[in-house]
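Input: a single structure, listed below in structure tokens.
Rule-based calculations on the coordinates, nothing more; no lab input. None of these values were measured; they are calculated from a predicted model. Cβ coordinates were reconstructed from backbone atoms using ideal geometry, including for glycine residues, and neighbour counts include every protein chain displayed.
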Amino acid sequence: MEPIFTIILSDGSVFSGGTSYSETKWKEIPDKKIRTIFYKIPKGDVLVMTGYDKYFHMIEVLKDLNGDRAGIVNFEFAYLLGRKEDKINGYKMNFKTGNIEKIETNVEDNFIKGLNPNIWK
Amino acid sequence: MATTMDFLINYVDATVTHAITPADYIELDLINDYLIWTAGDAVVKDLMTHEPTADELNAAASIIDDVLDVEVALCLLMDYSHDVGGAYYTHKVIGMNENKRYVYCFSFDDATATIPRLEAWDTSAHATANKHVLGAGTPANSFVKAIMTTNALPRVGWVGTAIAGASNYVELDIAALVAAKDLYANLKIKIPAAYVTPAAETYVLTVRYTYA
């Protein structure tokens, strides 16, 4: 199984993420500046992000409380964002359709302000 | 590991938290357990000793009123394993539609990236919200009302948010979770007066959450 992302850190070391979207290992990234991220998108291609001050990653899921898929975690989207000064760029990847939506915003966006600040790396 | 969420209901005392008094809560086995919204009667009630049949549920259904809105009187947990407090299949959800805070509990075992939210959809495809109970295509008219009670009581006579589809949902806290936390909501179903289409409908309650 390939990691869902591979990261080159500022000292040249390489960190490999988890092999599934339910075990990304994002929180285990060493506390060093990220130089480049190679991210395997849900349909298999690879996104590359580099040159940002900080990076943010999250998986969005749905869990039904009843019905024919109750209790099953349904993967909806993966987000990968980069922040440089007050600008935010990134991608929202749809697990179902494979579509990738480009995100271009800034730190004052309510969506950005609502993100858990501890996840920025 | 990814953050996970368990769903529990309070069946004893809706003034106590899951953290302090876990014995007052039942965690739903989401594969087999389910919630029953009913007017209730002599058969369909708290502490049933069998799983209610479709006929029994129909007989205990809420009746649409010509003049007044009807709030469904009872929410029962149907506990398939019937292994709580004796051999009972049903347990009344305590505090539903009351000014109670610790009723429906969403227990997260780790941080989230955004605020978890409660949604309602027609089916597990999460694509439409057109059933009558969800407002027949007008989310604001959804019969299903929810209110976040993680941080405060809902207040007497709470109205809540009509939940349906992607646009009408309830956030279960005021910020993304920075650690494991129990979140709470209260729910009710309010059937408009003289609603023209009686129906026995199922809809899907869903929690949308995120993790790193």
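Close amide H contacts of A:K25 (hydrogens built in the peptide plane, cut-off under 5 Å, sequence separation of 5 or more or a different chain): A:G18. Going by neighbour counts of Cβ atoms within 10 Å, the residues A:S16, B:S142 line up, fewest first, as A:S16, B:S142.
Run the reach check for A:K113 against lysines, Cα to Cα strictly under 22 Å, same-chain hits fewer than 8 apart removed. What comes back? Within the straight-line cut-off, A:K113 pairs with A:K27, A:K33, A:K54, A:K84, A:K87, A:K92, A:K102, A:K121, B:K181. Once the gyration tensor of the Cα atoms in segment A:5-119 is diagonalised, the equivalent ellipsoid follows with semi-axes of 25, 17, 14 Å, ordered largest first.
In the protein assembly as shown, inverting the average of 1/r over every pair of distinct C-alpha atoms gives 21.4 Å as the Kirkwood radius. How large, in Å, is segment B:135-212 by the Kirkwood hydrodynamic radius built from its alpha-carbon pairs? About 14.2 Å, per the Kirkwood formula over Cα pairs.
Normalised by the number of residues in chain B, what is the relative contact order in percent for Cα pairs under 8 Å and 6+ residues apart?
Contact order relative to length: 26 percent.
Listed values for segment B:200-212 are Karplus-derived 3J(HN,Hα) couplings in whole Hz (6.51 cos²θ - 1.76 cosθ + 1.60, θ = phi - 60°), namely 9, 10, 10, 9, 10, 8, 9, 10, 9, 8, 9, 8, 7, and x replaces Gly and Pro. What the phi angles of segment B:96-101 give under the Karplus curve with 6.51, -1.76 and 1.60, with θ = phi - 60°, is a coupling list of 4, 6, 10, 7, 10, 9 Hz, glycine and proline written as x. For B:T149, the residues whose modelled amide H falls within less than 5 Å of its own, excluding neighbours fewer than 5 places apart on the same chain, are B:Y184, B:A185, B:N186. For A:K96, the lysines whose Cα comes closer than 21 Å to its Cα, not counting residues fewer than 8 places off in the same chain, are A:K40, A:K43, A:K63. Mean residue ellipticity at 222 nm, helices only, the protein assembly as shown: -500 deg cm²/dmol; runs of at least 4 DSSP H residues each add -39,500 (n - 2.57), and the sum is divided by the number of residues.
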